[in-house]
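In what follows, a single structure is set out as structure tokens and then discussed.
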Amino acid sequence: MQQRLQKIIAAAGYCSRRRAEELIAAGRVRVNGQVAKLGDQADAGNCQILIDGKPIRAAEEPTYLLLNKPLGVVTTLNDPDGRRVVSDLVRDYTVRLFPVGRLDINTSGLLLMTNDGDLANRLAHPSHQVDKRYLVKIRGQLTNESKIRLAEGVLLDDGMTAPARVEKVRVSDGHTWFELCIHEGRNRQVRRMCEALGYQVSKLVRIGYAFLALGDLAPGQARTLTKTEVNRLKKLDK
Ligand code: URA
């Protein structure tokens, strides 16, 4: 089957489709010995594709997982400090899986992992505004004023946060629990929003991503997404 070269390269998990286009345009991709140009098509099963002289891996079965990342695990594929990384948790899957976005080491919960580099990059791109829902536990009481500020926008050192939703606020044992739904994905965003209002976050769990919910998946466990879920995710970024 003939397919655009950038699509084949992205499907092989080498890089995103956009990056593949750059590599092709830079003359770094060869198909059966010939330097490829943008717009070229190829039959992945019947040709040799080299990038910088090295063959790309055979296209892997596209795999989409929903992982419950436990606390203490780093959202990366390798950690120079030898800490546990998310890829350690999905070793049973023989394909090379990348996280979609990231969760801090001290945040647990829903993390998508896939070898579909194209979809991962598009979902993680700020322009797609995928809803991310967090369960937040803070010390003390969330005042009404703070609730409004979280919802309307908090000034952080990298600018004002976009409107968010604060829901299901409940108080227990000197702590407040609430759900915060944001669509940006800035570094440590939820913690920084709470800290900017003077609160210390004592627990942070991502419980939802777009229409997906963490449900009762145990920490460290992963499940494959259904075909319907994958199709819905693909439609999100259109
Ligand atoms: N916000 C945070 O502060 N940390 C995360 O891991 C995700 C969102």
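The values are calculated or read from the model by the stated rules, or taken from the named source; none is laboratory data. Here the structure is a predicted model, which means the values were calculated and not measured. Glycine also receives a Cβ, built like all others from the backbone with ideal geometry; neighbour counts cover every protein chain displayed. Remember, those area values only see protein heavy atoms, side chains included, never the ligands or the DNA or RNA. Shrake-Rupley method; radii C 1.70, N 1.55, O 1.52, S 1.80 Å.
The slack between residue 235 and residue 187, meaning 0.36 nm per residue of separation minus the straight C-alpha distance, is 14.7 nm. Across segment 2-55 the C-alpha pair distances fall into 10 Å bins from zero in the proportions 29, 66, 4 percent.
Calculate, for residue 30 and residue 148, the FRET efficiency according to 1/(1 + (r/R0)^6) with r their C-beta to C-beta distance and R0 45 Å; round to the nearest 0.05.
0.20
List the chymotrypsin sites (Phe, Trp or Tyr not before Pro) in segment 134-238 that DSSP assigns to loop (not H, G, I, E or B) and whose Cβ has at most 15 other Cβ atoms within 10 Å. Which are they?
When the chymotrypsin sites (Phe, Trp or Tyr not before Pro) of segment 134-238 are filtered for loop state and at most 15 Cβ neighbours within 10 Å, 211 remain.
Remark on segment 194-238: ratio of C-alpha radius of gyration to 2.2 N^0.38 Å is 1.61. Backbone geometry of segment 167-180 corresponds, through the Karplus equation with coefficients 6.51, -1.76 and 1.60 at θ = phi - 60°, to 3J(HN,Hα) couplings of 9, 6, 6, 9, 10, 7, 6, x, 10, 10, 10, 7, 9, 10 Hz, x marking Gly and Pro. Note on residue 226 and residue 170: with the Förster distance fixed at 30 Å, the Cβ-Cβ geometry gives a FRET efficiency of about 0.40. Suppose the Debye formula is applied to equal point scatterers at every Cα of segment 1-112; what is log10 I(q)/I(0) at q = 0.18 Å⁻¹? Results for segment 1-112 at q = 0.18 Å⁻¹ read -0.88.
Here the extension length gained between residue 22 and residue 71 equals 13.9 nm, from 0.36 nm per residue of separation less the Cα-Cα distance. The accessible surface of the chain, taken with every protein chain in place and a 1.4 Å probe, is 48 percent carbon and sulfur. Less than 5 angstrom separates the built amide H of residue 85 from those of 74, all sequence-distant by 5 or more or on a different chain. Sparse packing (at most 16 other Cβ atoms within 10 Å of the Cβ) combined with a DSSP loop state is found for the following GluC sites (Glu not before Pro) in segment 144-208: 184. Relative contact order of the chain, taken over Cα pairs closer than 8 Å and 6 or more residues apart, is 20 percent. Note on segment 2-55: with charges restricted to the Cβ of Lys and Arg (+1) and Asp and Glu (-1), its dipole about the Cα centre is near 120 debye. Using the Cβ-Cβ distance between residue 158 and residue 203 with R0 set to 25 Å, the FRET efficiency from 1/(1 + (r/R0)^6) comes to roughly 0.55.
Rg/Rh for segment 131-209 stands at 0.92; both radii use Cα atoms, and Rh follows the Kirkwood definition. Expressed as a whole percent, how much of the Cα-Cα distance distribution for segment 92-238 exceeds 18 Å? That fraction is 58 percent.
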